[in-house]
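Just so it is clear, none of the values below were taken in a lab; they were calculated from the coordinates. These figures come from a predicted structure and were not determined experimentally. Virtual Cβ from ideal backbone geometry, glycine too; neighbours counted across all protein chains shown.
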Amino acid sequence: QAQQQQAQQQAQQAQQQQQQAVAAVQQSTSQQAAPGASGQTPQLFHSQTLTTAPLPGTTPLYPSPMTPMTPITPATPASESSGIVPQLQNIVSTVNLGCKLDLKTIALRARNAEYNPKRFAAVIMRIREPRTTALIFSSGKMVCTGAKSEEQSRLAARKYARVVQKLGFPAKFLDFKIQNMVGSCDVKFPIRLEGLVLTHQQFSSYEPELFPGLIYRMIKPRIVLLIFVSGKVVLTGAKVRAEIYEAFENIYPILKGFRKTT
Amino acid sequence: MPGGGRCPDCGSTELVEDSHYSQSQLVCSDCGCVVTEGVLTTTFSDEGNLREVTYSRSTGENEQVSRSQQRGLRRVRDLCRVLQLPSTFEDTAVAYYQQAYRHPGIRAARLQKKEVLVGCCVLITCRQHNWPLTMGTICALLYADLDVFSGTYMQIVKLLGLDVPSLCLADLVKTYCSSFKLFQASPSVPAKYVEDKEKMLSRTLQLVELADETWLVTGRHPLPVITAATFLAWQSLRPSERLRCSLARFCKLADVDLPCPASSRLQELLTVLLRMAEQLAWLQVLRLDKRSVVKHIGDLLQHRHTLVRKAFRDGTAELEGGEKELQGQGLGPGQGKAEAASSSLDLPEGKRPASPALLLPPCMLKPPKRICPPPPISTVTGDEDISDSEIEQYLRTPQEMRDFQKAQAARQAATGVPNPP
């Protein structure tokens, strides 16, 4: 029985460590359970009621819950998050096909290719699904644009590589990388751009003589936002999807501050 | 100085280094005999160390002001004088030009860009002193394209890390209105069209403020709004004689260019004024339209703050409330609120003022051009198998290739252009 108690204590200690680590991650005010020598019931993160009474003679550190720890919800509480998710509109990616290409041959043998060397030194190829456009250079490097998600961009790039393979070139699929992601969303209220450029002048550039939107260069994450009077926001310059979401969550409270409430 | 040598003539050891102009010589200080002479000419190997360096790699480029920069600085001063700017502006603009020139990207830029840079420096100086100068004016003076100007302007602001304040609307109104040639009678301007400058200025300012409050200015080029406001102010000061004059004719009379968007700004401003007029009982009975409302602009402007508050309901709060209602009751937001507004008033049908309109920018009031359906949730993983048949649809058949080659050859024969490499 002593062994059982020991094992239980060890399990409780492990759980305590896990809970402390999770508490550090959560960053929100949560009740930290303090070991109570008086036998006080500690507060659990997911406020599950105690199902096991502390054994007599042992110091109850963390009573073991019936079910394992549930995953903790994200740090920002629901009341603060905007509830709006930016939609991805365009992904630009590059890949190295790993072999020199003869663009004239590609333009001759592919139906979906366009090649005008006097205008641009690359073949412009298009596929229907996913609806994308690729620029294929004679060095073997390729740029793929127009996809709506990272996975679609990768699939499209693979399809272009396959087309080039079928045209007789030893194409590979090296160093696929997402270079840029563009997202957009609508906050659904008008924004006083003149006010925003006054309070955030070190980040904003608003020149109505040149462009109707305000250009906001966010530092963390490094994203450029185009903010329009209608409340529509375009976010660009991201390498990963999370940067777009984070940038929007950063700008939303700032924009809310410019809503006129009479 | 003794150097271990002896004079061949007198045998003295007193030999002195004494250069004859640039030729080094060793001379006996006793008898004056020249013992050795330095070489006047240099050999080819010596000259190898003195070979010429290109200007851009020498330090001369940094030490003196290049001709191109001198030209640019002269252009900056000329532009300041043409615009009749105070002398302090000239020095600031010149300083900005010099600062910009230190950056290699600017030093190596095309002449067209350097020319436009002159305008950018002057514009930044004016903006920082709240001197209302539009980019259009500068581009016209420099015969430059607004696209080229905008690129250089954005680049230089970022490069120099400058904080450029926004264009001051009130100052721009004063400057722009003063340029209208309507304050004195002339052969082209009959007496009935002549107007007092102060009256016109103050009314135009009020109309521009009204436009700003009702979301007609944000995001738009400032000048067309001011043109429309000036026109309305001028018309309203003597409506009986001036109502028949159109906006285009007005600008021609005043010897001012008519910017394209001014007519639509005019219509938007008149719509706002009409909504305000509907809130005044004695104007509501007159059933005004866009022409007749001009006669009452004076009254409307006098009470503009109250009228705007009554005529428009806060669009931003409405959008939120409307959406919740839509979810809860299935009613349209406008419908629900209009009923609430009308039921709260005691006046009988026909006599109550119109229910308030939404105060939103015009772009939010127009129906969307096309309804974008939300994109279907994609289940693509990126690693799916790619079927051969899907790829083969993108490959030409041999017959197609032959046809394509024939067509290309025929086209080249017709135009006489050689095959591209």
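On average, how many beta carbons from a partner chain sit within 10 Å of the beta carbon of a residue in B:394-400?
5
Using the C-alpha gyration tensor of the stretch A:105-255, what are the square roots of 5 times its eigenvalues, in whole angstrom, with the largest one first?
39, 16, 13
For a paramagnetic label modelled at 7 Å from the Cα of residue B:292 toward its Cβ, which residues of the stretch B:232-247 fall within the zone defined by backbone nitrogen distances under 18 Å?
Inside the label zone: B:236, B:239-244.
For residue B:357 and residue B:369, compute 0.36 nm times the residue count separating them, minus their Cα-Cα distance, and round to one decimal in nm.
Full-extension gain reported as 2.2 nm.
Mind checking the full-extension length gain between residue B:401 and residue B:257? Use 0.36 nm per residue of separation minus the Cα-Cα distance, one decimal, nm.
That pair, residue B:401 and residue B:257, stretches by 46.2 nm at full extension.
Got a sec to turn the phi values of the stretch B:102-114 into Karplus ³J(HN,Hα) couplings, 6.51 cos²θ - 1.76 cosθ + 1.60 with θ = phi - 60°, whole Hz, x for Gly and Pro?
5, 7, x, x, 7, 4, 9, 6, 5, 4, 4, 5, 5
Which of the lysines could a cross-linker bridge to residue B:406, judged by Cα under 16 Å and excluding same-chain residues fewer than eight apart?
Output for residue B:406: A:104.
Whole-Hz ³J(HN,Hα) for each residue in the stretch A:218-228, computed from phi via Karplus 6.51 cos²θ - 1.76 cosθ + 1.60 with θ = phi - 60°, x for glycine and proline: what do you get?
7, 8, 10, x, 7, 9, 9, 10, 9, 10, 10
Any chance you could check the Cα centroid distance between the stretch B:269-312 and the stretch A:176-207 for me, in angstrom?
36 Å
Considering only Cα-Cα distances, which of the following residue pairs are longer than 19 Å: A:239/B:158; B:290/B:369; A:141/A:177; B:192/B:252; A:188/B:366; A:148/A:239?
Cα-Cα > 19 Å for A:239/B:158; B:290/B:369; rest within.
Any idea what Rg and Dmax come out to for the stretch B:261-302 if you just take the C-alpha atoms, in Å?
Rg and Dmax of the stretch B:261-302, Cα atoms, are 10.1, 33 Å.
For a Förster distance of 35 Å, can you work out the FRET efficiency between the beta-carbons of residue B:70 and residue B:264, rounded to the nearest 0.05?
0.15
Does the stretch B:117-259 come out rounded, prolate or oblate, given a ≥ b ≥ c as the square roots of the eigenvalues of its C-alpha gyration tensor, rounded meaning a/c under 1.5 and, failing that, prolate meaning a/b above b/c?
prolate
Under the rule a/c < 1.5 gives rounded, and otherwise a/b versus b/c splits prolate from oblate, where does the stretch B:130-195 land using the Cα gyration tensor?
Because a/c hits 1.5 or more and a/b fails to exceed b/c, the stretch B:130-195 counts as oblate.
With contacts defined as alpha carbon pairs under 8 Å and 6 or more residues apart, what's the relative contact order of the stretch B:152-278 in percent?
Worked out over the stretch B:152-278, it gives 25 percent.
Kindly give the semi-axes, whole Å and largest first, of the ellipsoid equivalent to the stretch B:69-112, taking each as the square root of 5 times a Cα gyration tensor eigenvalue.
21, 11, 6
Suppose a student asked you for the relative contact order of the stretch B:104-161, using Cα pairs under 8 Å spaced at least 6 residues apart; what percent would you report?
So the answer I get is 37 percent.
If amide hydrogens are placed 1.01 Å from N in the peptide plane, which non-local residues have theirs closer than 5 Å to the one on residue A:138?
none
Please report, for the Cα atoms of the stretch A:96-192, the Rg to one decimal and the Dmax as a whole number; what are they, in angstrom?
That works out to 15.7, 57 Å for Rg and Dmax.
Return the long-range amide H neighbours of residue B:395 (sequence gap of 5 or more, or a different chain), with a cut-off of under 5 Å between placed amide H atoms.
Here A:111 satisfy the definition.
Using θ = phi - 60° and the Karplus form 6.51 cos²θ - 1.76 cosθ + 1.60, what ³J(HN,Hα) does each residue of the stretch A:85-97 get, whole Hz, x for Gly and Pro?
These are the phi-based 3J(HN,Hα) values: 10, x, 8, 6, 10, 7, 10, 10, 9, 10, 8, 9, 7 Hz.
Normalised by the empirical 2.2 N^0.38 Å for globular proteins, what value does the Cα Rg of the stretch B:208-316 take?
Expressed relative to 2.2 N^0.38 Å, the Cα Rg reads 1.06.
Do me a favour and compute the ellipsoid semi-axes for the stretch B:202-245 from its Cα gyration tensor, root of five times each eigenvalue, largest one first, whole Å.
Whole-Å semi-axes of the equivalent ellipsoid: 22, 10, 7.
I need A:133, B:415 ordered by Cβ neighbour count within 10 Å, fewest first.
B:415, A:133
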